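Visitor: Encoded as structure tokens, here's the structure I'll be asking about.
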Amino acid sequence: MDLGLNGRRAAVAAGTAGLGLATARALVAEGVRTVVCGRDADRLAAALAELGPGAEGFVCDVSTADGGREFARRAAEMLGGVDILVANGGGPPPGGAADVDDAQFAAALQANLLSVVAMCATVVPAMRAQRWGRVLAITSVSVRQPIPNLILSNTARAGLTGYLKTLAREVAGDGVTVNSIQPGVHATDRIRQLHGDAPDGRSMGIPAGVVGNAGDFGRIAATMVANHAGFMTGVNLHVDGGAYQGLL
């Protein structure tokens, strides 16, 4: 399927590994000029070599509002504007309510809420002015069904979901969509850190019986920012192999 994105310009935060890289790969395959960032110069170089001439990038840490703002600003300068923002970033460390302190909550809110707010504030006004834009945040299925021992992520990403839903309604009339994609367990470095080198889908309660494939996730993400997806906004799509048990 042609997503109608050839020639569009995308900024993919934390796009040098995992689901961010998979999404960048899918966008580049659709002819989207893509800028990625990451914290590690070697990983950035490897990602750009994989993505090919359709991508460029720079080292940037988006774990703070200032970092998110800097990434969005520099990406817009490099591309001459941003049509598609994929807001993404690493998850905070594990822990329960009795294990984390105020400073850790503040850091999680910076990384998984305020950083995305800053990215949106930087690029969405120009999207509105040109009357076309796509914002897609990679969050977590924990927004729908909190994951034990991940209270920082559960809290920060739930707050982000509220922000995105509000923004979606404010900018819909200007041709800008705002959605989130909520991954369950996929084969990424983050999941290996939490669950070991060979996570087992069945033992983790995934009805599909396997952990997710990052490449498939990236292609789903690309579909959510397609030209023909202009009537889909304020949506929070979980991609989790059936693990989420709720009706809505």
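The values are calculated or read from the model by the stated rules, or taken from the named source; none is laboratory data. What you are looking at is a predicted structure, and each value in this text was computed from that prediction instead of being measured. Cβ atoms come from the backbone with ideal geometry, glycine included; neighbour counts cover every protein chain shown.
Visitor: Would you check if A98 is free of Cβ contacts under 8 Å to residues at least 40 places away in the same chain and over 16 Å from F71 (Cβ atoms)?
Guide: In short, yes.
Visitor: Moving on to the next point. Of the residues that make up region 183-205, is at least one at pLDDT 90 or above and over 25 Å from P148 (Cα atoms)?
Guide: no
Visitor: Which members of region 28-47 meet the condition of being over 13 Å from the mean Cα position of the chain (by Cα), among the hydrophobic types (A, V, I, L, M, F, W, C) and within 18 Å of G81 (Cβ to Cβ)?
Guide: Matches in region 28-47: V28, V32, V35.
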